[in-house]
Amino acid sequence: LLDWVKFKGNPVLVPPPGIGVKDFRDPTTAWTGPQNGQWLLTIGSKIGKTGVALVYETSNFTSFKLLDGVLHAVPGTGMWECVDFYPVSTKKTNGLDTSYNGPGVKHVLKASLDDNKQDHYAIGTYDLGKNKWTPDNPELDCGIGLRLDYGKYYASKTFYDPKKERRVLWGWIGETDSESADLQKGWASVQSIPRTVLYDKKTGTHLLQWPVEEIESLRVGDPTVKQVDLQPGSIELLRVDSAAELDIEASFEVDKVALQGIIEADHVGFSCSTSGGAASRGILGPFGVIVIADQTLSELTPVYFYISKGADGRAETHFCADQTRSSEAPGVGKQVYGSSVPVLDGEKHSMRLLVDHSIVESFAQGGRTV
């Protein structure tokens, strides 16, 4: 795009009647429609407090027609920004071109909710003829169920890489410094590490997000490997050359006797955000990795699992990132982020952390929760 001329017919897309001029943005990648030469794309919007995905058809990308109805709508979710819509294979381990459809395929609908600045997604079925998407589980519908990332993460979009047959996800990480601090350092916010996206065949409900393989080319030297027996309240030091840029993979085996024999009824309804962080200890957690820590542990960022167990004997694993002691600087957001994560029979509790100075990206169970 070094030498180009704007089309004289701009704008080629305008809000339909009843849609506010600002409530209409971020078209998706187009996919082929059921008719020869037809292309379809969806755009995020809202009608009242209902988030909607409008669908347009075109044959030349200069004139567009709004189709009847909507691709999908979810009441109470507000404005949908950066809508993304793409297929995932339920059989294979590669990404799919945006136009791919047929047996062994589910479709992901993702929306960035303008009201709470969170990226939500759901997995479902797309009827190309009726131009309707239906979630597999209405209780996990887009905007009310799963999130792509439970931290500071927003406005993501995917694209299909035909050379490596993968779908790649980019997201935006808005840091929590004050505006004055942003001005002083000369920059604000970053793009996330790109991630591949696959369907989680084991759960059938989640996506798997994982750093693209090119990230591994940044690793230098021999890996540091350590195996430890963690006791309650213990901290094991792992010495590294630099604490500012790390790629950490860790897995944990939980004592099965302890897991089966303990009922932690006082932790029914546990959630990362209201738990008080890693300093709040229970019988089955927290356990994980502390990064960006100083010598005195006055500043540190724990990323950890916590297993809660209710009176019914059912265990639920949570994956949390605790920022409450990440910085002594004033005016910085200090929250505990996280969510529950399915840990299936035979699986260890596993995590991968990418530490890049002020950013920590954390992947649990192969990217089932991030």
Starting from the 7 Å offset along Cα-to-Cβ, what nm value, one decimal, do you get for the label separation of SER350 and ASP222? 2.4 nm
Report the full-extension gain for the segment GLN191 to PHE159: residue separation times 0.36 nm, less the Cα-Cα distance, to one decimal in nm. 10.0 nm
For a 30 Å ceiling on Cα separation, which of these pairs sit above it: LYS8/LYS106; LYS22/LYS201; LYS46/LYS130; LYS163/LYS226? LYS8/LYS106; LYS22/LYS201; LYS163/LYS226
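Using the beta-carbon distance between LYS91 and ILE359 and R0 = 45 Å, what value does 1/(1 + (r/R0)^6) give for FRET efficiency, to the nearest 0.05?
0.85
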What is the gain in length, in nm to one decimal, between ASN60 and ASP182 on full extension, counting 0.36 nm per residue of separation less the C-alpha to C-alpha distance? 39.7 nm
Consider a paramagnetic label point 7 Å from the Cα of THR29 along Cα→Cβ; state which residues of the stretch 49-89 have an amide N under 17 Å from it. 82-89
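Mean shadow of the stretch 24-211, computed from the convex hull of its alpha carbons, in nm²? Present the calculation step by step, with values, prior to reporting the outcome.
Working: hull surface 48.9 nm².
Mean projected area for the stretch 24-211: 12.2 nm², to one decimal.
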Write down the accessible area per residue of the stretch 106-262 in Å², having rolled a 1.4 Å probe over the full set of protein chains. 60 Å²
Using R₀ = 41 Å, calculate the FRET efficiency as 1/(1 + (r/R₀)^6) where r is the Cβ-Cβ separation of THR125 and SER271; round to 0.05. 0.85
Got a number for carbon plus sulfur as a percent of the chain's accessible area, 1.4 Å probe? 53 percent
Give me the number: length gained by fully extending VAL212 to LEU2, i.e. 0.36 nm times residue separation minus the C-alpha to C-alpha distance, one decimal in nm. 72.7 nm
If one builds a Gaussian network model of the chain from Cα atoms under 10 Å apart, the most fluctuating residue listed among LYS256, LYS91, LYS201 is LYS256
Ranked output for segments 243-255, 70-82, 3-15 by mean other Cβ atoms within 10 Å, highest leading, reads 70-82, 243-255, 3-15
Seen from all sides and averaged, what is the projected area of the convex hull of the Cα atoms in the chain, in nm²? 22.4 nm²
Run through all the Cα pairs of the stretch 224-364 and give the fraction in each 10 Å bin from 0, expressed as whole percent. 11, 42, 35, 11, 1
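The values are calculated or read from the model by the stated rules, or taken from the named source; none is laboratory data. Just so we're clear, the structure is a prediction, and the values are computed from it rather than from any experiment. Don't worry about glycine lacking a Cβ; one is built from the backbone with ideal geometry, like all the others, and counts go over all protein chains shown. Remember, those area values only see protein heavy atoms, side chains included, never the ligands or the DNA or RNA. Shrake-Rupley method; radii C 1.70, N 1.55, O 1.52, S 1.80 Å.
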